[in-house]
Amino acid sequence: MTLAELDLTGDLARPARLTVPDLLRWPQHRVRVSFECATSGVRHHGFTGPRLYDVLADAGPGFDPARRKDRLCFLIAVTGADGHHVLLSWAEIDPDFAHAPVLLGVGIDDTPLDGTGPQLVLPQDRCGARHISGIREIRVDGGYGGWRP
């Protein structure tokens, strides 16, 4: 079986290419989620995986310590194998702010996702639109510094 890979790219000190077995190195969390799917109704699943924050923090986001609140200007773009993509702000996952328990699911309902790749899991979302299957890239981008005179 070929392992799916995801690329961590962007404003990172340590960009990486990761597989599901690589993601098992971080602490694993379990969540039960229920979300409404526009095409198939309410879905219930159990996911296991590391927190997105832990994986990205380990990659060394390029925050500028001289700029107050610089990390609040960082966006996270997640793209799946099917082209589906979503944007998150760093503040959503940062423990000093929203601290959302966003996971990179490496298993769904006790089934490993080695071949298809991890899933973006947002347990706090009522709608499943931001769940991304088969993640191929996560890009961290700090180029959104906002308006400057």
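The values are calculated or read from the model by the stated rules, or taken from the named source; none is laboratory data. Just so we're clear, the structure is a prediction, and the values are computed from it rather than from any experiment. All Cβ positions, glycine included, derive from the backbone under ideal geometry; neighbour counts span all protein chains shown. For accessibility, only protein heavy atoms count, side chains too; no ligands or nucleic acids. Shrake-Rupley method; radii C 1.70, N 1.55, O 1.52, S 1.80 Å.
Worth pointing out:
- For the stretch 76-149: Kirkwood Rh in Å [reciprocal of mean 1/r, alpha carbons]: 13.4 Å
- Asp54 - accessible surface, heavy atoms, 1.4 Å probe, Å² rounded to 10: 50 Å²
- Equivalent-ellipsoid semi-axes for the stretch 71-111 (Cα gyration tensor, √(5λ), whole Å, largest first): 22, 16, 5.
- Counting only heavy atoms of the protein chains and using a 1.4 Å probe, Ser133 has close to 60 Å² of accessible surface.
- Loop-located trypsin sites (Lys or Arg not before Pro) in the stretch 1-41, at most 14 other Cβ atoms within 10 Å (DSSP): Arg25
- Nearest-0.05 FRET efficiency for Ala38 and Glu5, computed from C-beta distance (R0 25 Å): 0.30
- Using a Förster distance of 25 Å, the FRET efficiency for Ser133-Arg14 (Cβ separation, nearest 0.05): 0.45
- Once C-alpha pairs closer than 8 Å and six or more residues apart are averaged by separation and normalised to the residue number of the chain, the relative contact order reads 32 percent.
- Carbon + sulfur, % of accessible area of the chain - ligands and nucleic acids excluded, 1.4 Å: 53 percent
- Shape metrics for the chain, restricted to C-alpha atoms - Rg then Dmax, Å: 15.3, 54
- Once the 1.4 Å probe is applied to the protein heavy atoms, the chain comes out at 53 Å² accessible per residue.
- About its Cα centre, the chain has a charge dipole of approximately 320 debye under the convention of +1 per Lys or Arg Cβ and -1 per Asp or Glu Cβ, with nothing else charged.
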